[in-house]
Every structure is written in C-alpha cells, then in structure tokens.
Amino acid sequence: MNRRDQVLYLAAAWCLSYPDEELVERVPLVRAALSEFPGMLPEFVPVLDLLEATPPMELQSQYVREFDLGRRHALHLSYWTDGDTRRRGEVLGFFKEAYRHSGVLVDLDGELPDYLPMVLEFAARVDPTAGRGLLERYRASLEMLRFGLLRDNLPHARILAAICATLPGKSPQDEQEVMRMAGYGPPTESVGLDPYDPRLLPVRRG
C-alpha cells in the first residue's frame, strides 16, 4: 500500500469516529497530512469544517443520531452483508482472526471488530495488506454506506467515495448495481444483504 492510501485511511478513520475533544484537536494535523497529496483534501474538507465549526455537544449529538441510533448509516461492515443473523457471529470472528494474525495486540475498546474506523486504522497503521483485503472483501458494505450518506446529504459520503476509489474497479451507480455485482438479493432492515459469503486498534468512543 502506498503512503497516500495509508494517510487517506487514517484520516478517514478519524473523521468517521466519535467526535471527542481529541479528534477536534487533530483537525489541523489531518488537513496538513491530506494537503501533501493533490486532490485528496477537498473530499475531507466538509467534515473537517463541520468538526471545527460545530459546538462539541451539538457535534456529538449529531454523530450519535446519524451513526449510532439508526441503521441507515451503520459503520459496522458485516451489518450490511449479514445483518442480525447468527452467521454474523462467525463473520466477526473472521475479523478478530485477521487482527490476531497480524501479530499486534489490539484493544477493541468495547467495539465490534468490523467497525469501519477500526478497520481503516488497522489498514493504515498495522497491516496494510490484510486491512485492504478486508475493505475489498466488504466493498459492497462501503458502497451501501456511501449511498445511505448521499441519500441523507451527509458530507461523510465524500470520504466513503475516496475510500472506495482506492479499491479495484469503479463504484456502482446505485444500490441495485451493488447487489448485482456482489450476487445477492435486496437488503432488509433485519437481515442485511443475505446471502453474501464474507481477515485493532482502540477507537475513541464517547
């Protein structure tokens, strides 16, 4: 993995994480790092501006409402493919095994191992090959999340688009194309995109 993608993944991991004080303080660092690569910073600017301009309590309330309370913007990759099925437990074990295989002791910090910011940080800082492999395997989840963010006009959609642009192939034009490409039926609220046969670092939470 090249340095550009590593910086992008780490910046995306932070921008998609719970916006605590530490994250807001890192915004200038993120801007500086992204500025080293032509064309990368503009995809993050709307979220970075939001982090700097919004009062902390409002920022955190927005995050919880958009990413924690509902499933329209679920940040857990296996939700989109396995939903609330028994098979999801096996899939989560698959993520844990990928982290163990890296040889680095990883603290889940109470999060499920398929939490996107965690996967991105793993790819950026621990095992780029295994981390990108997870992102490629769950490309459909990334694309469905991107469409959900676009539909609700959230600036994070541009970050998802930037992540997907680092992976092989073009992004689908709509959800139906995602499902056709991955070879599964339509999603439902409770079972994800079934069937779809699906490799840590501490992530700040409130």
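Values computed for the structure shown
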{"item": "Filter pass, A13 being at pLDDT 95 or above and either surrounded by 14 or more Cβ atoms within 10 Å (Cβ to Cβ) or not acidic (D, E) (or both)", "result": "yes"}
{"item": "Meets criteria (more than 19 Å from Y18 (Cα to Cα) and at pLDDT below 70) for R100", "result": "no"}
{"item": "When residues of region 53-72 are limited to those that are surrounded by 11 or more Cβ atoms within 10 Å (Cβ to Cβ) and aliphatic (A, V, I, L, M), the one farthest from Y115 (Cα to Cα)", "result": "L59"}
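The values are calculated or read from the model by the stated rules, or taken from the named source; none is laboratory data. Predicted model, so just to flag it, every value in this text is computed and none were measured. Because the Cβ atoms are built from the backbone with ideal geometry, glycine has one as well, and the counts that use them run over all protein chains shown.
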